[in-house]
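Asker: Quick one: structure below, then a few questions.
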Amino acid sequence: MGIHDEDVARVREATDIVAVISEYVQLKRVGRRWQGLCPFHAEKTPSFSVNAEMGVYHCFGCKASGDAITFVREIEHADFVEAVERLAGRSGIALRYTAPGEGADRAKRGKLSEALEQAVEWYHQRLLTAPDAGMARRYLRERGYDGDVVRQYKLGWAPDDWDALAKDLGVGTEGGMPVQVFSDAGLGFRNKGRRIQDSFRARLLFPIFDPSSKPVGFGGRVLPGGEGPKYKNSVDNAVYRKSRILYGLNWAKQDIVNAGEVIVCEGYTDVIGFAQAGISRAVATCGTAATEDHIQMLRRFASRIVLAFDPDTAGSDAAERFLQWEGEIEVKVAVFPTGTDPGELAKTDPEGLVVAVEEAMAFPRFRYERVLSQADLATIRGRSLAARQATEVVAPIKDPLVRDPYLLEIATRCRQDDANALERLSRIAQEYRPPRPRNARFSANDRPDDAPHPAETAEGFASENGERYSQHETIDGNQELPPNNVERQVLWLAANEPSAVWPEIGPEMFHYPLYQDLLKALLEYPEMNALLAEADPRLVALMQELLVVEDEDLRASSHRQEVAMAILLYESAQRELTYLERQARTGSADDDLLRRVATLKTAMDKLRESEWEPEQAHALLELLRPEA
């Protein structure tokens, strides 16, 4: 059952979000916003903010955000239709229902879900009854999986045939499944001979479900001695994104909430193994390292993550991503005997598996202990080197209150226990920068020593409100967004006081891709409600955060607004200048390039000396235009 989009929009417009949330949270008016304790995670200091004018909320603690419909869905564990119906009843709006999947995207997802449901059942019955699945059944019995386990997890078998599934589902035939649906669901494709071919052959299949238990894809494993890669996953499509899906969350979510802890594994069999050992709060990534979206999702269910794999083998980006969340969420590492994984341990020593989780080591300590175990702590030079290396592995922890106790432990282990040891190690941690990606043309670290920092040049106006902004967003894997810089302030103006932003300000003047994309979206969507309803979820989340933040000083002072945009232009020019000077150093400089470098430097110097006067800012702006 679907609801007309027009009716959903009417419900959003008619709903008083403050009244709705006030039934669950005690809200207090602070300036133009409402604040209270977040209902989605435990906290003592209010970090939950509501913008009544735009009808959105955002929590700066757990990052939960959305509109009134989202709130009802999350707080009541309701689906979309149920949430809209409840809010429509409050406002006296009569809803018009349509066929399921109303709208092109919704209809497509509905058809893909139906196709996947058919495939899950077909593969499952094949495993249970087909003669050709005998080897798979034998393999499962050897792994300790009986019929109950197979049925609980809907395990399946893809026969060693080119198009068995396609034929049985009647793909491309009258009354059968359309070829496009079969392909878009990741179930098959047209081969070079233009024949329909199944995606999975001769593989044990693990159906992957979303948190609401709808099938979205498969993970396929070859049997021992089989051909091809050991594991093969469904390709990303309209219902399946491996960077956002966690295997087993549909079964484990209630136990995760009850325990306040989630165990993250690398494989599907590990999840099943934990359940067999009596630990039903394990999930697994689907052929990828843990992403920002995975961590954001898990934070809504639990305050503690236990990694049931070696995080360093998952890549440095994944390891640093977990460290950046340290303080916001507790991260631990379960240590298993060498050469074993949770799935094997569940079969040979289930009690040992339980103990490994109970005695999981804090993730930062796990990382630096690994460094120290391989170091030469018998010599002064070895201890000094070990102290630096151990400090660098915990450096991504930004909160000193969380990081400093680990630094003290490192200092003690490396006999750096004099009065200034913590200060020295803290300086190493603060100055540490992870290796830059090979394809980075420039970054914020290219700023020369004499270039002013926005917070300094504008007399600290950036830092005054820094605590109110999110400090843990990342983009492109490991590039951290600053808690409050001029780019974010100009975006705040674009969202809350659009008339104050100079019309010449464009996306190309922003350094961070996420900020560039959001400004593009603001230019693309003339109505804010349309942006919130239709834009990329990352952009919607950032916009909702900007809308609930109130910056009265910036709103009220045209001078501060002009300073923010002037510094934005200066930083954009600084990056352009860095790029041009690199070109000049390669020996490919011509007179035009050298003239542009000199002209740009002069204009930047004048802007700084004028203390960010708009006239000098616009002069620099003319040089930054593409045609300049």
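Asker: Which residue out of VAL50, VAL20 is at pLDDT 90 or above, under 20 Å from LEU532 (Cα atoms) and out of contact with any strand residue (DSSP E or B) (no Cβ under 9 Å at 6 or more places or on another chain)?
Answerer: Checking each option against the conditions leaves just VAL20.
Asker: From the list ARG367, ARG381, which one is open to solvent by 60 Å² or more (accessible area, probe 1.4 Å) and either among the basic types (Lys, Arg) or without any contact (Cβ under 8 Å) to a residue 24 or more places away in the chain (or both)? Give the derivation first.
Answerer: Values: ARG367 fails: open to solvent by 60 Å² or more (accessible area, probe 1.4 Å).
Answer to the check: ARG381.
Asker: Then there is this: So, of the residues in the range 267-289 that are at pLDDT below 90 and over 14 Å from PHE206 (Cα atoms), which turns out to be surrounded by the most Cβ atoms within 10 Å (Cβ to Cβ)?
Answerer: Top of the filtered list is ALA289.
Asker: Is it the case that some residue within the range 204-214 is at positive phi and of a type outside the set (S, T, N, Q)? Talk me through it step by step, then tell me what you get.
Answerer: Step one: list which residues in the range 204-214 are at positive phi, which gives 213.
After this cut, where a residue has to be of a type outside the set (S, T, N, Q) as well, the list is none.
No; the residues of the range 204-214 include none that is at positive phi and of a type outside the set (S, T, N, Q).
Asker: Can you name the residue in the range 176-192 that is open to solvent by less than 60 Å² (accessible area, probe 1.4 Å) and part of a loop (DSSP other than H, G, I, E, B) and is also farthest from ARG109 (Cα to Cα) among such residues? Lay out the reasoning, then the answer.
Answerer: Applying the first criterion (open to solvent by less than 60 Å² (accessible area, probe 1.4 Å)) to the range 176-192 yields 176-177, 179, 181-188, 191.
Among the residues that remain, those that are also part of a loop (DSSP other than H, G, I, E, B) are: 176-177, 185-187, 191.
Numbers: GLY176: 18, MET177: 14, ALA185: 9, GLY186: 12, LEU187: 14, ASN191: 24 Å.
Residue satisfying both the conditions and the ranking: ASN191.
Asker: Which members of the range 221-242 meet the condition of being under 17 Å from CYS265 (Cα atoms) and open to solvent by less than 40 Å² (accessible area, probe 1.4 Å)?
Answerer: Scanning the range 221-242 gives a single hit, ARG221.
Asker: I would also like to ask the following. With respect to the numbered conditions (1) in contact with a helix residue (DSSP H, G or I) (Cβ under 8 Å, 6 or more places away or on another chain); (2) farther than 27 Å from ASP349 by Cα; (3) hydroxyl-bearing (Ser, Thr, Tyr), which one is the sole condition not fulfilled by THR285?
Answerer: (2)
Asker: So, one more: Restricting the search to the range 4-53, which residues are in a strand (DSSP E or B) and open to solvent by less than 40 Å² (accessible area, probe 1.4 Å)?
Answerer: Pass one, the range 4-53, residues in a strand (DSSP E or B): 28-30, 33-36, 48-51.
ARG33, GLY36, PHE48, SER49, VAL50, ASN51, listed by residue number.
Asker: Does any residue of the range 366-382 turn out to be within 30 Å of ARG143 (Cβ to Cβ) and out of contact with any Ser or Thr (no Cβ under 8 Å at 6 or more places or on another chain)?
Answerer: First, the residues of the range 366-382 that are within 30 Å of ARG143 (Cβ to Cβ): 366.
Subset that is out of contact with any Ser or Thr (no Cβ under 8 Å at 6 or more places or on another chain): 366.
The answer is yes; a qualifying residue exists.
Asker: Look at ARG141 and say whether it is within 30 Å of ALA277 (Cβ to Cβ), within 34 Å of the chain's Cα centre (by Cα), of a type in the set (Lys, Arg) and open to solvent by 60 Å² or more (accessible area, probe 1.4 Å).
Answerer: no
Asker: Which one of the conditions (1) modelled with pLDDT of 85 or more; (2) more than 30 Å from GLU142 (Cα to Cα); (3) in contact with an Asp or Glu (Cβ under 8 Å, 6 or more places away or on another chain) does GLU326 fail to meet, given that it meets all the rest?
Answerer: It fails just one condition, (1).
Asker: Could you tell me which numbered condition VAL56 fails, if it satisfies all but one of (1) more than 30 Å from ALA14 (Cβ to Cβ); (2) open to solvent by less than 20 Å² (accessible area, probe 1.4 Å); (3) of a type in the set (Val, Ile, Thr)?
Answerer: Tallying (1) more than 30 Å from ALA14 (Cβ to Cβ); (2) open to solvent by less than 20 Å² (accessible area, probe 1.4 Å); (3) of a type in the set (Val, Ile, Thr), VAL56 fails exactly one: (1).
Asker: While we're on this one: Does any residue of the range 114-134 turn out to be open to solvent by 10 Å² or more (accessible area, probe 1.4 Å), closer than 30 Å to LEU532 by Cα and either small (Gly, Ala, Ser) or at pLDDT 85 or above (or both)?
Answerer: Yes: the range 114-134 contains one or more residues that are open to solvent by 10 Å² or more (accessible area, probe 1.4 Å), closer than 30 Å to LEU532 by Cα and either small (Gly, Ala, Ser) or at pLDDT 85 or above (or both).
Asker: Consider GLU74 carefully, then state whether it is open to solvent by 60 Å² or more (accessible area, probe 1.4 Å), in contact with a Phe, Trp or Tyr (Cβ under 8 Å, 6 or more places away or on another chain) and of a type in the set (Asp, Glu). Working first, answer last.
Answerer: Working: open to solvent by 60 Å² or more (accessible area, probe 1.4 Å): yes; in contact with a Phe, Trp or Tyr (Cβ under 8 Å, 6 or more places away or on another chain): yes; of a type in the set (Asp, Glu): yes.
Considered against the rule, which asks whether it is open to solvent by 60 Å² or more (accessible area, probe 1.4 Å), in contact with a Phe, Trp or Tyr (Cβ under 8 Å, 6 or more places away or on another chain) and of a type in the set (Asp, Glu), GLU74 comes out as yes.
Asker: Could you look through the range 382-401, keep only residues that are more than 22 Å from the chain's Cα centre (by Cα) and among the aliphatic types (A, V, I, L, M), and pick out the one that is farthest from ARG370 (Cα to Cα)? Talk me through it step by step, then tell me what you get.
Answerer: First, pick out the residues of the range 382-401 that are more than 22 Å from the chain's Cα centre (by Cα): 382-392, 400-401.
Next, only the ones that are among the aliphatic types (A, V, I, L, M) stay: 385-387, 390, 401.
Working: LEU385: 14, ALA386: 11, ALA387: 12, ALA390: 9, LEU401: 23 Å.
The qualifying residue farthest from ARG370 (Cα to Cα) is LEU401.
Asker: When you check GLN516 against the structure, is it polar (S, T, N, Q) and open to solvent by 10 Å² or more (accessible area, probe 1.4 Å), yes or no? If you could, list the steps in order and put the result at the bottom.
Answerer: Numbers: polar (S, T, N, Q): yes; open to solvent by 10 Å² or more (accessible area, probe 1.4 Å): yes.
Against the criterion (polar (S, T, N, Q) and open to solvent by 10 Å² or more (accessible area, probe 1.4 Å)), GLN516 qualifies.
Asker: Quick check on my filter: what residues within the range 244-264 are open to solvent by less than 40 Å² (accessible area, probe 1.4 Å) and part of a loop (DSSP other than H, G, I, E, B)?
Answerer: Result: ILE245, GLY248, GLY260.
Asker: Name the single residue, out of those in the range 326-349 being farther than 27 Å from GLU292 by Cβ and without any contact (Cβ under 8 Å) to a residue 60 or more places away in the chain, that is most open to solvent (accessible area, probe 1.4 Å).
Answerer: The residue in question is THR338.
Asker: Which residue is modelled with the lowest pLDDT, if the candidates are limited to the range 296-311 and must be in a loop (DSSP other than H, G, I, E, B) and touching a helix residue (DSSP H, G or I) at 6+ places or on another chain (Cβ under 6 Å)? Steps first, answer last, please.
Answerer: Taking the range 296-311 as the starting set, the residues that turn out to be in a loop (DSSP other than H, G, I, E, B) are 300-303, 308-310.
From the residues that got through so far, the ones that are touching a helix residue (DSSP H, G or I) at 6+ places or on another chain (Cβ under 6 Å) too are 301-302, 308.
On the way: PHE301: 74, ALA302: 80, ALA308: 88.
The selected residue is PHE301.
Asker: Looking at the range 400-428, I want the residues that are within 15 Å of ARG383 (Cα to Cα) and assigned to a helix (DSSP H, G or I) and have a partner that is modelled with pLDDT under 80 and open to solvent by 70 Å² or more (accessible area, probe 1.4 Å) with Cβ atoms under 8 Å, at least 6 apart or on another chain. Which pairs are those?
Answerer: Pairs found: ALA411/ASP417.
Asker: In the range 166-209, which residue that is touching a helix residue (DSSP H, G or I) at 6+ places or on another chain (Cβ under 7 Å), closer than 30 Å to ARG73 by Cβ and not hydrophobic (A, V, I, L, M, F, W, C) is modelled with the lowest pLDDT?
Answerer: Here the residue is ASP184.
Asker: Here's another thing I want to ask about it. If only one of LEU531, LEU554 is at pLDDT below 90, closer than 30 Å to GLY31 by Cα, in contact with a Lys or Arg (Cβ under 6 Å, 6 or more places away or on another chain) and crowded, with 17+ Cβ neighbours inside 10 Å, which one is it? Lay out the reasoning, then the answer.
Answerer: On the way: LEU531 fails: in contact with a Lys or Arg (Cβ under 6 Å, 6 or more places away or on another chain).
Within the list LEU531, LEU554, the selection yields LEU554.
Asker: Now for a different question. Any idea which of LEU580, LEU594, LEU568, LEU600 is farther than 29 Å from ASP67 by Cβ and open to solvent by 70 Å² or more (accessible area, probe 1.4 Å)?
Answerer: Working: LEU580 fails: open to solvent by 70 Å² or more (accessible area, probe 1.4 Å); LEU568 fails: open to solvent by 70 Å² or more (accessible area, probe 1.4 Å); LEU600 fails: open to solvent by 70 Å² or more (accessible area, probe 1.4 Å).
After ruling out the rest, the residue left standing is LEU594.
The values are calculated or read from the model by the stated rules, or taken from the named source; none is laboratory data. Quick caveat, the model's predicted, so the values are computed rather than measured. Positions of Cβ are generated from backbone atoms using ideal geometry, with glycine treated the same way; all protein chains shown enter the neighbour counts. Note: areas computed on protein heavy atoms with side chains; ligands, DNA, RNA excluded. Shrake-Rupley method; radii C 1.70, N 1.55, O 1.52, S 1.80 Å.
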